[in-house]
Amino acid sequence: MGQETNDRAIRSILIVGGGTAGWMSAAALIRALPQGCAITLVESDEIGTVGVGEATIPPIRLFNQMLGIDEREFVARTFGSFKLGIEFVDWGRQGHRYFHPFGPYGRAFDTVDVHQYWLRARAEGETAPLDDHAMAWQLAKAGRFAQPSPDPRNVLSTFDYAYHFDAGLYARFLRDYAEQRGVVRVEGKIGSVRQNTTSGFVEGVTLEDGRVLDADLFVDCSGFRGLLIEGALKTGYQEWTQWLPCDRAMAVPCENVGPLTPYTRSTAREAGWQWRIPLQHRTGNGYVFCSQFLSEQDAADKLLQRLDGKALADPRPLRFTTGRRNAFWNRNVVAIGLSSGFMEPLESTSIHLIQAGIAKLIALFPDRSFDPLVIEEYNRVAVNEYERIRDFLILHYKLTERSDSELWRYCAAMDIPDTLLTKIEHFRRYGRLVARDADLFGPPSWLAVHIGQFNDPVGTDPVADYRSVDGRGWLSKLRTAMQAAAQQTPTHEAFIAANCAAGQPVRG
């Protein structure tokens, strides 16, 4: 029996494409399968990678920890900085801003959610914004950073963090990691794909110079082209442009000006939004927009006019169609990264979706029978993940009072998926945050956008009427404690200089 199982084992994996998706896949697979399986990655230096995914969300820390990566070395080698959340400017209405923090608002002090007491306090005349009850924002607005306290009694334990980094340098870092552990990199461009004439399974690829690479399992990290998942297997694509109409981006780095902010900024513009991502050596910028309402040249011109510092390159165009493949895993091909679908980088989910795809592949790793039950489960979970993230992104566009341009008038009036409509209505009526299967973004994230974009509840949780809790007094103490704690932490730049400055030896 053991021998039979052994005979069906996957003995070779070919990862098609490098970049962040390819090298994250290679590093994770060689970590999970250290012996008995040959892992090869084929990429061409002539084919560029998108490389705009420079902002992340907290689960990336789990990925790096799983690989055994030292955080200080990783941040230094990728010219990274720390991220406590995202500041949204001009989204709900012009002239208004709010913060999406990593971590909760406050700490639970009753059976009723903290924000329910904040809603009641506001109705009684309290003016402190919701943001001020998040430790992540108290640190971010002061330009400070420290790692969370392990002591749950300390308010400095009530936040989370992620990173900004150079995606190209992260791929290089992971390439070193993977190759040291046995992943073989092949330089070359794929000329053709060979499929089994009966089953349609991919059997191998032939490079333009005639070399042949065969494998049992193929991981398609070929970007938007989807060389295997679409080019060979014709899997099909589900578009979401009716809800997420932006289909272009212009990206350009600029010189750093002023202090290194420990957060990403997203500023709503006339035909989309602009990102700002601070790294140690430069600031990443981009304008995500809808080509129906703005030309690429106008987008490039407007982006260059709105930079903090001097541009370090010409704006680079990126074209995309928001949506997902009909299947993420088809036959013996698993699509990871942009080959599986695209979600605009509004909430920094691009790298997370790579990570989630890899985690599912390892959790549901096949043998050579490629049991349809396994593939079906992978696709079910992946579809749920994509659709919940999709709904969260649509929320930002739908909840707007802006009517100053065609894009915002369209978004305010558009029909939205029922799954999202239900969540909006629960919050509008009771201030309740209802969860759905596979929600990547938890209640604090949804709360940030609902309140930040003026989906103000008409009522609150009825259970609060039965409680004799001084919520207003407790919230006041919480704000005071958080402000004091923030002042005890180093500035973001001082923390980096002491622990993970690029180009400096990492201290032990």
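No value in this document is a laboratory result; all are computed from the given coordinates. Model, not experiment: these values are computed from the prediction. Here the Cβ is made from the backbone with ideal geometry for all residues, glycine too, and neighbour counts use every protein chain on show.
Taking 24 Å as the limit for the C-alpha separation, the pairs LYS302/LYS423; LYS398/LYS477; LYS398/LYS423; LYS141/LYS477 exceed it in the case of LYS302/LYS423; LYS398/LYS477.
Once the Cα atoms are used to define both axes, helix 114-123 deviates from the longest principal axis of the chain by about 40 degrees. For region 86-97, 3J(HN,Hα) computed residue by residue from phi via the Karplus equation (6.51, -1.76, 1.60; θ = phi - 60°) reads 10, 8, 9, 10, 6, 7, x, 7, 5, x, 10, 9 Hz, glycine and proline entered as x.
Ignoring lysines fewer than eight residues from LYS189 along the same chain, the ones with Cα atoms less than 23 angstrom from its Cα are LYS234.
Note on ILE362 and THR480: with the Förster distance fixed at 60 Å, the Cβ-Cβ geometry gives a FRET efficiency of about 0.85. Using the Cβ-Cβ distance between VAL469 and ASN154 with R0 = 25 Å, the FRET efficiency computed as 1/(1 + (r/R0)^6) comes to roughly 0.65. Spatially, region 288-338 and region 418-463 are offset by 29 Å when compared through their Cα centroids. Once the Cα atoms are used to define both axes, helix 296-305 deviates from the longest principal axis of the chain by about 50 degrees.
For region 223-233, 3J(HN,Hα) computed residue by residue from phi via the Karplus equation (6.51, -1.76, 1.60; θ = phi - 60°) reads x, 4, 4, x, 3, 9, 5, 10, x, 8, 8 Hz, glycine and proline entered as x. Summing charges over neighbours of ARG432, with a neighbour being any other residue whose Cβ is under 15 Å away from its Cβ, gives -1 when K and R count +1 and D and E count -1. Contact order for region 291-382, expressed relative to its length and based on alpha carbon pairs under 8 Å spaced 6+ residues apart, stands at 23 percent. For the listed peptides 449-457, 331-339, a ranking on the average number of other beta carbons within 10 Å per residue, highest first, reads 331-339, 449-457. The angle separating the long axis of helix 350-363 from the principal Cα axis of greatest extent in the chain is about 60 degrees.
With K and R counted +1 and D and E -1, the other residues having a Cβ less than 12 Å from that of SER350 yield a net charge of -3.
Listed by chain and number, the aspartates and glutamates whose C-alpha is less than 14 Å from the C-alpha of LYS360, apart from same-chain residues fewer than 8 away, are GLU376, GLU377, GLU385.
Rounded to the nearest 500, the helix-only mean residue ellipticity at 222 nm of the chain stands at -10500 deg cm²/dmol, with each DSSP H run of n ≥ 4 adding -39,500 (n - 2.57).
Distance from a point 7 Å along Cα→Cβ of VAL458 to each backbone N in region 414-437: keep the residues under 18 Å and list them by number. Residues passing the 18 Å test: 421-433. Across the chain, C-alpha contacts under 8 Å between residues 6 or more apart give a mean separation that, scaled by the residue count, equals a relative contact order of 22 percent.
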